[in-house]
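Down below is the structure, laid out as structure tokens.
We did not get these values from a lab; they are worked out from the coordinates using the rules stated. Note that this is a predicted model, so its numbers are computed, not measured. A quick note on method: Cβ atoms are made from the backbone with ideal geometry, for glycine too, and the neighbour counts reach across all protein chains shown.
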Amino acid sequence: MGRKPKNEAKNTKRKKVKTVSEIVRKKFQKIDYLAGELNKVSMGQLQAFHACAYFGTRTLAAYNLGITEAAISVRLFELETSLKMKLFNREPTGFTLTYEGSILYPVLTNIFTQLTLTNSEMKGKRILDKITVYTTIPLGLFVLTEAFLEFREKYPTVDLSINVDSTPPDVKLGGADVLIWTVELDDDNFTSEPVGTFIGKLYASEDYLKKHGTPTCVEDLRKHKFISFDLGKVNYDPNWHLRLTKIPAVNITKTNSSVLAIKMCERGGGITPYSPNMATRVGVNLRNILPEISHDLGAAYFIHHKSLKENEQIKFLMGAVRRAIQKLAKK
């Protein structure tokens, strides 16, 4: 037998099999996907930065994120190291943004807002296992207790978190599912449904009236002590009672809490306006003076994201709130 020709021997050599990665590299041109240092940092680092910028202190940022102050410091250090730039000026009074930080902050605000809205939209068509509600202190204490209890009976497995405060959280950043407040939210992504209206009347304690006399006309008010409010942004004039006649400044005590005002009134501190719906629940020692005088205090609003409009739990809670306010108004 003779030897095989050289060209035939070459044909018997095993061909090299290409790997998947080699095929992909040849077929697709590599792009710089998610380029830039910002796309390589973690969500936790961005949240730490945004929280410090939003609250102004590391302590509040840590508290609201549910982590330690040390963890905040570590995340900020890692973020600034990755970006190779300072985002904050550390000062004794708290954090202030550098030029670079002032560019990043509004961008993150928009991103976190959109994530919150997307999350609300995603859960709008399903059963909610937790609902976080924020409302004013007077509404929470004196008006909405029955509404919350009614909701708990209907949905006993829902984790209902009720918070009262003098200032509303930023719902656009996911601070709450529902706001029950006396101001509408000016945002196209949210619905503000009126659930009840209130009027204000003048009240004084029996002890105060025994000591200082009972006013029989508006002019008599000039001789009396008053309690006024500094309530921030509200949709009515909280100090309408001071404009009934000229009240000397020395006769006016100021407070930023309507609950404190009515409790001071109950203890004989002076005359203050209050909603009859709530005054009846504060104590029996209060008397409505000059009953012909009243003032429109506006409405309370049930505020939620539009994606939750058809959610059965949200609709039931709003109905319970409306019923509670109407029931109280009839008493």
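With contacts defined as alpha carbon pairs under 8 Å and 6 or more residues apart, what's the relative contact order of region 197-297 in percent?
51
Restrict the search to region 244-310; then list the GluC sites (Glu not before Pro) that DSSP places in a loop and that have at most 15 other Cβ atoms within 10 Å of their Cβ.
E292, E310
Distance cut-off 28 Å, Cα to Cα: go down the list K154/K327; K154/K263; K225/K327; K201/K306; K263/K309 and report the pairs above it.
The answer is K154/K263; K225/K327; K201/K306; K263/K309.
Output wanted: per-residue J couplings in Hz (rounded whole) for region 42-53, from phi through Karplus 6.51 cos²θ - 1.76 cosθ + 1.60, θ = phi - 60°, x for Gly and Pro.
So the J values, rounded to whole Hz, are 8, 4, x, 5, 5, 5, 4, 4, 5, 5, 5, 5.
Between rounded, prolate and oblate, where does region 208-269 land on the alpha carbon gyration tensor, with a ≥ b ≥ c its root eigenvalues, rounded for a/c under 1.5, else prolate if a/b exceeds b/c?
oblate
Which peptide among 248-256, 217-225 comes first, and what is the full order, when sorted by highest mean count of other Cβ atoms within 10 Å?
The peptides rank, most packed first, as 217-225, 248-256.
What is the order of H304, H212, fewest Cβ neighbours within 10 Å to most?
Least to most surrounded, the residues fall as H212, H304.
Packing-wise, with mean Cβ within 10 Å as the measure, how do 96-106, 181-191 rank, highest first?
Top to bottom by mean Cβ count within 10 Å: 181-191, 96-106.
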